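*Asks:* Just dropping this structure here.
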Amino acid sequence: MAIYAKVVESKSFSEAARQLRLSKGAVSKAITQLEQSMRVRLLNRTTRAMSTTEAGAEFYAHCARIMEEYDQAKLTAGRFHSEPAGLLRVSASVAFGTLHIAPALPEFLKRHPEVRIDMSIGDRFVDLAEEGFDVAIRIAKEPAPNLVARRLAPLNRKIVATPQYFKEHGTPKKPAQLADHNCLSYTHFHPHDTWRLRGPGGDLTLPVSGNLRLNDDEALSAAVMGGLGIALLPTFIIGPALHDGRLKAVLSDYVPSERHIYAVYLPTRHLAPKVRAFIDFLVKRFSPRPYWD
């Protein structure tokens, strides 16, 4: 059909062959096969001229529309290889996704108006391939080996409580003194009520106890802000409270094992511009030092 449309438009088998980079014989054969398959003559041929039959003229109108749609489809698809465009599916954890990814989306979408985002917020690890996600924001020591990862920011955690709590219960000067305090546990990282810390003397595993265990960092930070006790919390949640003095950090020489916040995606030879633009945007927004720190 493409060859037929080109023959009609150029009014010449030779010119159509030149434009299509085919031999004149190949063009002639293609038209003959088309006419045979449709059981109708499309072109009147003489040694001096060529013209469409009545059926050929109507058939050309359809071919021309199809080729126009084909050219438009190529242009549309080409945009996805050059400019960020299309639907971007993102997965992010509840706390980090709510506090830091969602607020960044308006600026990203303003920069890339051809992109649409569908973001799923939850703390389960999604299967990117099976569930059709383009990128996931994950907190881990090391990303999964079957994924490509870009490091967005370090995950810093601090031992904190309110100044009033420390005033009433004393400020621990050594890790062992945490045993005398109401230590609230984040069960996702510390399911056995132990805090694993790295300090000047090496790694420590400290048993802690308290009257509240939670599997959500934001809920845990709310309890700490209420003066209930001490907790080990990420600075991406408590950064503002540390800055304005609502929370106080202690034992700053003792930190948990190193974790980072990553953007991960499936390996591919040709990373979609929408994915690359989104990850580059987050790297620039959070690096080299996260604004919450």
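*Asks:* Restricted to segment 1-20, and to residues that are aliphatic (A, V, I, L, M) and within 44 Å of the chain's Cα centre (by Cα), which residue is least open to solvent (accessible area, probe 1.4 Å)?
*Replies:* If we take residues in segment 1-20 being aliphatic (A, V, I, L, M) and within 44 Å of the chain's Cα centre (by Cα), then Ala5 is least open to solvent (accessible area, probe 1.4 Å).
*Asks:* Same structure again: Restricting attention to segment 21-40, which residues are farther than 14 Å from Ala5 by Cα and either open to solvent by less than 50 Å² (accessible area, probe 1.4 Å) or of a type outside the set (Ser, Thr, Tyr) (or both)?
*Replies:* Result: Arg21, Leu22, Lys24, Gly25, Ala26, Lys29, Gln33, Gln36, Met38, Arg39, Val40.
*Asks:* Among the strands (runs of 3 or more DSSP E) confined wholly to segment 14-125, which include 2 or more residues that are of a type in the set (A, V, I, L, M, F, W, C)?
*Replies:* 86-92, 115-121
*Asks:* Would you check if Pro172 is in contact (Cβ under 8 Å) with a residue 40 or more places away in the chain, open to solvent by less than 60 Å² (accessible area, probe 1.4 Å), in a loop (DSSP other than H, G, I, E, B) and in contact with an Asp or Glu (Cβ under 8 Å, 6 or more places away or on another chain)?
*Replies:* The answer is yes for Pro172.
*Asks:* Looking at segment 137-154 only, could you name the residues that are among the aliphatic types (A, V, I, L, M) and in a strand (DSSP E or B)?
*Replies:* Those that are among the aliphatic types (A, V, I, L, M) and in a strand (DSSP E or B): Ile137, Ile139, Ala140, Val148, Ala149, Leu152, Ala153.
*Asks:* Collect the residues in segment 190-234 that are touching a Gly at 6+ places or on another chain (Cβ under 8 Å), open to solvent by 10 Å² or more (accessible area, probe 1.4 Å) and small (Gly, Ala, Ser), keeping them in residue-number order.
*Replies:* The answer is Gly210, Ala223.
*Asks:* Among the residues of segment 235-271, which ones are open to solvent by less than 50 Å² (accessible area, probe 1.4 Å), part of a strand (DSSP E or B) and more than 30 Å from Gly132 (Cβ to Cβ)?
*Replies:* Ala249, Val250, Pro256
*Asks:* Say we look at segment 51-71 and pick out the residues that are open to solvent by less than 50 Å² (accessible area, probe 1.4 Å) and over 15 Å from Ile3 (Cα atoms); which of these is nearest to the chain's Cα centre (by Cα)?
*Replies:* The selected residue is Ala55.
*Asks:* Something else now. Is there any pair linking a residue in segment 17-40 that is over 18 Å from Phe59 (Cβ atoms) to one that is assigned to a loop (DSSP other than H, G, I, E, B) and open to solvent by less than 90 Å² (accessible area, probe 1.4 Å), with Cβ under 7 Å and at least six apart or on different chains, and which?
*Replies:* Qualifying pairs under 7 Å: Ala17/Ser23.
*Asks:* If you don't mind, another one. Please go through segment 137-166 and pick out each residue that is under 27 Å from Cys183 (Cα atoms), at pLDDT below 90 and open to solvent by less than 80 Å² (accessible area, probe 1.4 Å).
*Replies:* Ala140
*Asks:* Restrict the check to segment 128-136 and report whether at least one residue is surrounded by 13 or more Cβ atoms within 10 Å (Cβ to Cβ) and part of a strand (DSSP E or B).
*Replies:* Scanning segment 128-136, I find at least one residue that is surrounded by 13 or more Cβ atoms within 10 Å (Cβ to Cβ) and part of a strand (DSSP E or B), so the answer is yes.
The values are calculated or read from the model by the stated rules, or taken from the named source; none is laboratory data. Source: prediction; values computed, not measured. Cβ coordinates were reconstructed from backbone atoms using ideal geometry, including for glycine residues, and neighbour counts include every protein chain displayed. Accessible surface is based on the protein model in full, side chains and every heavy atom, while ligands, DNA and RNA are left aside. Shrake-Rupley method; radii C 1.70, N 1.55, O 1.52, S 1.80 Å.
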